[in-house]
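Notes follow the structure.
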Amino acid sequence: MATINDKITDAIRAQARKLLETGEVAALIGYAAGSLPMTVKPLVVRRPEECDRLVWNTFCVLNLATYLPEVLSSVEIPRDLRDPKPEEPQAKVAILATGCWSRNIVVQIQEKRVARERVVVVGVGSRGMVSRAKVKALFPGQEILTVEEGDHDLVVQGLDFTETINRWSVVRDNCQTCAHPDPVLVDIRIGEPVSERKNPHPYKQVELIEQRSVDERWAWFTAEFATCIRCYACRNVCPLCYCPTCFVDDAKPQWLGKSLDAVDTGLFHILRAHHCAGRCTDCGACESVCPMGINMRMLTKKLNKDVLELFGIEAGMEPEAPLQLTMYPSASPEFIVTDLAPVPVPSRKPFESAGIPSAEGDTSCKP
């Protein structure tokens, strides 16, 4: 019997083939099967005969919005910078999108990164994507050869074992706390819509850390990020990190070093998280690609919580609205020049602006 994902895969292939055959789009961004169990890889389909390579399953964790600007650029009419813009419309690109990915596309549109009229969003409601790390943790020291997915279970098979596990028990943390699994921007829908999830404690993990003492929070931060090898996979996979020169690579001025020193590493993650404030959709791609299993989502999740409490907004939920953190209405109590009184020296250290305290009395790890 065909599973839910089998039906979605067939529908995606049929729709992609139709879009390409009619010339409505020049390319479609989706997924192909990976070379290892529980993996997929991004795939750009440009010809109808390639559509049978497209797949959809519970391991589609990479955010396809990351590749959208580059693919759009690849289908544009070549021209010199001095040439006038062509009068005919530029080619379109289709892209698969769940709730969080569609919200990233909204942010890209708001930031003029992509043009709305050139994007065809093929929306798929998310049932929650599985964490490969969680599955592997259930079988320590054993090699997983295949994983077959049903609607609600996973059949995991190795050399000398076969075990069935509940799918939701290994769904990624960000999917379990996601309130908006259905795309907010849809041109073509695949499958049935997914209703919003009512989560009474969407920021429970952040709140647990906030409740700790200063020393305990600092201990958590230093321990969590101590294994970082500065591979920048989290930066490279993020659809929000598209600066031509990253602050890490900037030399004039040099914002921080590239060493594995705790200060350099900590500042990198905190600064990157702050660059995502008001923009992050908690897609979890950064954690999915981290080879060291660092729980870096806690930084961006903390900032998502702060932005929601201060401004009442969630990133990418209003396609027609401007980015809220680029606007400073004078009537707002948070307006930057409202308080003209002398500002007292803050008692908290810079790290605490991300919910992470600095080490009191320990000068060896201060920036």
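The numbers here are math on the coordinates, done by the rules we state, and not lab data. Owing to the predicted nature of the structure, the values given are computational and were not obtained by experimental measurement. Cβ: placed from backbone, ideal geometry, glycine included. Neighbour counts: every protein chain shown.
The peptide list 78-86, 162-170, put in order of mean Cβ contacts within 10 Å with the highest first, becomes 162-170, 78-86.
Using C-alpha pairs under 8 Å with a sequence gap of at least 6, the mean separation divided by the residue count of the stretch 1-85 gives a relative contact order of 29 percent. Legend: ranking of residues Phe225, Phe59 from fewest to most surrounding C-beta atoms inside 10 Å; resulting order Phe225, Phe59. Tell me the Kirkwood radius of the stretch 191-333: reciprocal of the mean inverse pair distance over distinct alpha-carbon atoms, in Å. Evaluated on the stretch 191-333, it is 17.1 Å. Expressed as a fraction of 2.2 N^0.38 Å, the value expected for a compact globular protein of N residues, the C-alpha radius of gyration of the chain is 1.07. Residues Trp220, Trp255, Trp101 in ascending order of nearby Cβ atoms (within 10 Å, fewest first): Trp255, Trp220, Trp101. Output the relative contact order of the chain, whole-number percent, from Cα pairs under 8 angstrom with separation of 6+ residues. So the answer I get is 16 percent. Estimated from helices alone, the mean residue ellipticity of the chain at 222 nm is -8500 deg cm²/dmol (sum of -39500 (n - 2.57) over DSSP H runs with n ≥ 4, per residue). As a proxy for reagent exposure, ranking Asp151, Asp187 by other Cβ atoms within 10 Å from fewest up yields Asp151, Asp187.
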